Amino acid sequence: MKHPAQWLAAAMLAMWVGAAGAQAPYPAKPIRFIVGFPPGGTNDIVARVLAPKLTEYLGQSVVVENRGGANTAIASEMFVRMPPDGYTIMLNAPGHATNPSLLKLKFDSIRDFSFITIAAESQNLVVVHPSFPPRSIKELIAISKKYPPESINYGSSGTGTTVHLSAELFQFMTGVKWLHIPYKGGGPAVIDLLAGQHVIYFGNVPTVILHARAGKLRALAVTGPKRTPAAPDIPTVAEAGVPGYEVTTFYGVSAPAKTPRPIIDRLHAEIVRALKSPDTQERMKGLGADPVGNTPEQYTAFMENEIAKWAKVIKAAGIKGE
């Protein structure tokens, strides 16, 4: 005859086994992939390149969901309230590093996120509307200085984005002064650029390169330290007449804070696998983005450094949130 304690232990073991058996392995349902910008921009493009591969590798649908506004802050505020169960992930953009210096956020940009990996890096491409005369960086500077300050307008994908800060740094280093027209994302900004509503744009390469190739925009230079394989004939801004100028950008994937490490590891493994696939590499590089796939620890350290770096730049330039 069993002792009561033995009966209790047996019952608890049966309950544990039943619960374990009922719990399906991750992932057991579709995954939301949040993008903090409207469709059409580089963040959206990167997410939509990754989503089909992750759907294939994880065995569950990975659905891209666009929630634009406030340079990803609106999407981030919603995102950090999601359960840390691996069923909601987010594509972080450079705005994640600049927003702490520009906005009063209702979340912590480090503690409220589990950073998984940087998916890709790219740079920006300085383009102008074909109706605007400059055909080089030196001509852009010269023509801009012939007009009164802020009489020439430039667009951005939002205040604090690298599209905005690239142009601000350029103005600071060259002494020109344009009028800033911020949009809620790269997609809407490029639509108005093509229509001539603004004439200068420091756009992420994947967002504008196809329009430049088609002759709908005129490309003048890239903002990174070296030329992009997507357009090797286009010089860097530094080469073209502004020594020391350099701006790059990144696209990373995160989960809400306290997401279990086994889930982070699974997501990391499949994202890196997707980035290493030949078709993903070909597509990203053709658009001017370089796949990365670093570790969660490396991505976390990178984000901490980016927040500190841009805080100094934003303060020095006197840039305010809008």
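The values are calculated or read from the model by the stated rules, or taken from the named source; none is laboratory data. These figures come from a predicted structure and were not determined experimentally. Here the Cβ positions follow ideal geometry from the backbone for every residue, glycine too, while neighbour counts run over all protein chains shown. We work out accessible area using only protein heavy atoms, side chains counted, and drop any ligands, DNA or RNA first. Shrake-Rupley method; radii C 1.70, N 1.55, O 1.52, S 1.80 Å.
Kindly indicate whether T259 is touching a residue at least 60 places away in the same chain (Cβ under 8 Å) and within 19 Å of the chain's Cα centre (by Cα). No: the conditions fail for T259. Checked against the criterion of being under 22 Å from the mean Cα position of the chain (by Cα), at pLDDT 95 or above, on the phi < 0 side of the Ramachandran plot and of a type in the set (A, V, I, L, M), the candidates A212, A195 yield just one match: A212.
What number of residues within segment 68-102 are in a loop (DSSP other than H, G, I, E, B) and either of a type in the set (F, W, Y) or under 21 Å from E168 (Cα atoms) (or both)? Total satisfying the criteria: 4.
In segment 240-253 there is no residue that is open to solvent by 50 Å² or more (accessible area, probe 1.4 Å), over 30 Å from G86 (Cα atoms) and either outside any loop (DSSP other than H, G, I, E, B) or among the polar types (S, T, N, Q) (or both). Within segment 280-306, being of a type in the set (V, I, T), part of a helix (DSSP H, G or I) and open to solvent by 30 Å² or more (accessible area, probe 1.4 Å) holds for one residue alone: T300.
The set of residues in segment 272-306 that are under 15 Å from I118 (Cα atoms), touching a residue at least 60 places away in the same chain (Cβ under 8 Å) and aliphatic (A, V, I, L, M) comprises V272, A274, L275, M284, A289, V292, M303.
Out of the residues in segment 279-316 meeting the condition of being of a type in the set (K, R) and farther than 17 Å from A93 by Cα, tell me which one is modelled with the highest pLDDT.
Start the filter on segment 279-316 by keeping residues that are of a type in the set (K, R), which leaves 283, 285, 309, 312, 315.
Applying the additional criterion that residues be farther than 17 Å from A93 by Cα yields 283, 285, 312, 315.
Numbers: R283: 92, K285: 88, K312: 87, K315: 88.
Among residues in segment 279-316 that are of a type in the set (K, R) and farther than 17 Å from A93 by Cα, the one modelled with the highest pLDDT is R283.
Of all the listed residues (A93, A28, A120), the sole one being closer than 30 Å to P232 by Cβ and at pLDDT 95 or above is A120.
Has segment 72-79 got any residue that is in contact with a Ser or Thr (Cβ under 8 Å, 6 or more places away or on another chain), at pLDDT 95 or above and more than 30 Å from A308 (Cβ to Cβ)? There is no residue in segment 72-79 that is in contact with a Ser or Thr (Cβ under 8 Å, 6 or more places away or on another chain), at pLDDT 95 or above and more than 30 Å from A308 (Cβ to Cβ). Taking segment 55-66 as the range and being more than 13 Å from the chain's Cα centre (by Cα) and not hydroxyl-bearing (S, T, Y) as the test, the residues that pass are E56, L58, G59, Q60, V62, V63, V64, E65.
Within segment 123-143, restricting attention to residues that are open to solvent by 10 Å² or more (accessible area, probe 1.4 Å) and outside any loop (DSSP other than H, G, I, E, B), the residue that is farthest from M173 (Cα to Cα) is Q123.
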